[in-house]
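Where a number appears in this text, it was derived from the coordinates with a stated rule and is not lab data. Every value quoted in this text rests on a predicted model; they were computed, and no experiment measured them. Positions of Cβ are generated from backbone atoms using ideal geometry, with glycine treated the same way; all protein chains shown enter the neighbour counts.
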Amino acid sequence: MSLNSPWRADFPALDALERQGQTYLDSAATAQKPQALIDALAHYYANGAANVHRAQHLPGAMATQAFEDTRHKAAEWLHAGPSGQVLFTHGATSAFNLLAYGLEHLFQAGDEIVISALEHHANLLPWQQLARRCELKLVVLPLTAQGVIDTDAAANLITSRTRLLAVSQLSNVLGTWQPVRQLVALAKAQGALTVVDGAQGVVHGRHDVQALGCDFYVFSSHKLYGPDGVGVLFGRHQALGQLRHWQFGGEMVLQAGYHDATFRPAPLGFEAGTPPVSGVIGLGATLDYLNGVNQVAAAEHEARLHEQLRAGLTLREGVQLVGNPQAALASFVVEGVHNADLAHLLTEQGIAVRAGHHCAIPLISGLGLSGAIRVSLGLYNDSDDLKRFFNALDQALELLQ
Ligand SMILES: Cc1ncc(COP(=O)(O)O)c(C=O)c1O
């Protein structure tokens, strides 16, 4: 069945990529951008750039207004309640680092941090390094055969020693939704703080962070069709109150002397220096655009396309799916074929997919793999993209197998 995307025309890069002979199937790495965002960036730069929260002049007031409007829009997007619970960072990775440094003072030697076996390095290494700095134990939740965090094992591993849980909502390698609500509930029952990595999850469906029950929720704008250089960190008011300031500089200060200073509370106290003004304004325009997209239709389109992707891969001899992907992406390996060789031949045919360890080396090596090819989908992909991918895959396999 042929599936067209009614949103494809809203993303001018898709046409441009097609003219370059490229089929873009790497949206889990970064997504293409809607015209609405491109227009907003052009408008901001063409009509007067200004710094935020500091200038008394009109351009400064306008930039500050647009910047703060995005905070409201991001809070609405996440059903986060008051917008003061949304902080802007320079990406998901810097949000995790902010948390790992900002919460460090709460830990004592012997305390435990619980993550899972499928975490992206961004939600692994900051905790691993915190554990090393403070002599904590990093507990790794195992996965079921389906590639889902094992909640039975979690019930035993999350204990009164657990001070923090940090887990992904949707795996960037396996394409599996994780039982975040149950895990958060287990951690909360032990009085632990909870962090959800929404970098992939936020792109596929609307989520309610209050219903999830987590203390912190993190995502990157650039995967949600927004500009790069912007991360969003939601924190419950009470949890934000426990964060210590970690980066110091302009505008996060209340009072400063040569030998002492006092700092603003969240959000501004955690946005030291000039923030990514244009990026945040662009994210606001992207959220406006996405608010106009019928979410039910988008979810159906993505689900159908994902089914075509899965079915096509499963059909091919020697192709093995990595795990049991449920949404957004599928990773695979081919018996007797090195993923780098296959990736090379796909690239030569203009297929933009990701190959390698996907910033999850412990997961990939734990699965006994050296790497995998990942095909990931966005709102704008259609079945012609998959047709071109499968033709290229068949050609490559004919050469390699
Ligand atoms: C699940 C997950 N978490 C975190 C990140 C890190 O995001 P960023 O590189 O935008 O900081 C990624 C990016 O691939 C991801 O897929």
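Ranked by the mean number of other Cβ atoms within 10 Å per residue, highest first, peptides 209-222, 29-42, 163-176 order as 163-176, 209-222, 29-42. Pairs of Lys residues in the chain are counted when their Cα atoms are under 30 angstrom apart and they lie 8 or more places apart or on different chains; the count is 8. With the highest mean first, a sort of the peptides 312-321, 382-391, 291-300 on other beta-carbon atoms found within 10 angstrom per residue produces 382-391, 312-321, 291-300. Model label points for LEU400 and HIS79, set 7 angstrom from Cα along the Cα-to-Cβ axis, are 4.2 nm apart.
For the residues ASN97, ASN339, ASN156, a GNM of the chain with alpha-carbon springs under 10 Å puts the largest fluctuation on ASN156. Using the Cβ atoms and a cut-off under 15 Å, what net charge is assigned to the surroundings of PRO12, where Lys and Arg are +1 and Asp and Glu are -1? Summing Lys/Arg as +1 and Asp/Glu as -1 gives -1.
If you take the square roots of the eigenvalues of the alpha-carbon gyration tensor of the chain and sort them as a ≥ b ≥ c, do you get rounded (a/c under 1.5), prolate (a/b over b/c) or oblate? Note, shape of the chain comes out oblate.
Simple rule: put +1 on each Lys or Arg Cβ and -1 on each Asp or Glu Cβ in the chain, find the dipole, and look at ALA16, ALA29, ALA311; the Cα lying farthest toward the positive end is ALA29.
Using R₀ = 22 Å, calculate the FRET efficiency as 1/(1 + (r/R₀)^6) where r is the Cβ-Cβ separation of ALA46 and ALA297; round to 0.05. Spell out each step's value before the answer.
On the way: r = 33 Å, r/R0 = 1.51.
Approximately 0.10, to the nearest 0.05.
Largest GNM mean-square fluctuation among PRO142, PRO12, PRO267, using the chain with Cα springs under 10 Å: PRO12. For the pair LEU125 and ARG181, label points projected 7 Å from Cα toward Cβ lie 3.4 nm apart. Largest GNM mean-square fluctuation among SER365, SER278, SER94, using the chain with Cα springs under 10 Å: SER365. Taking 0.36 nm per residue of separation and subtracting the current Cα-Cα distance, fully stretching the chain between THR30 and THR347 would add 112.4 nm. Among 135-141, 327-333, sorting by the average number of other beta carbon atoms lying within 10 angstrom of each residue, highest first, gives 327-333, 135-141.
Using a cut-off of 14 Å between beta-carbons, work out the net charge of the residues near GLY284 (Lys and Arg +1, Asp and Glu -1, GLY284 not included). So the environment of GLY284 carries a net charge of -2. Neighbours of GLN178, meaning other residues whose beta-carbon lies under 14 angstrom from its beta-carbon, give a summed charge of -2 when Lys and Arg score +1 and Asp and Glu score -1.
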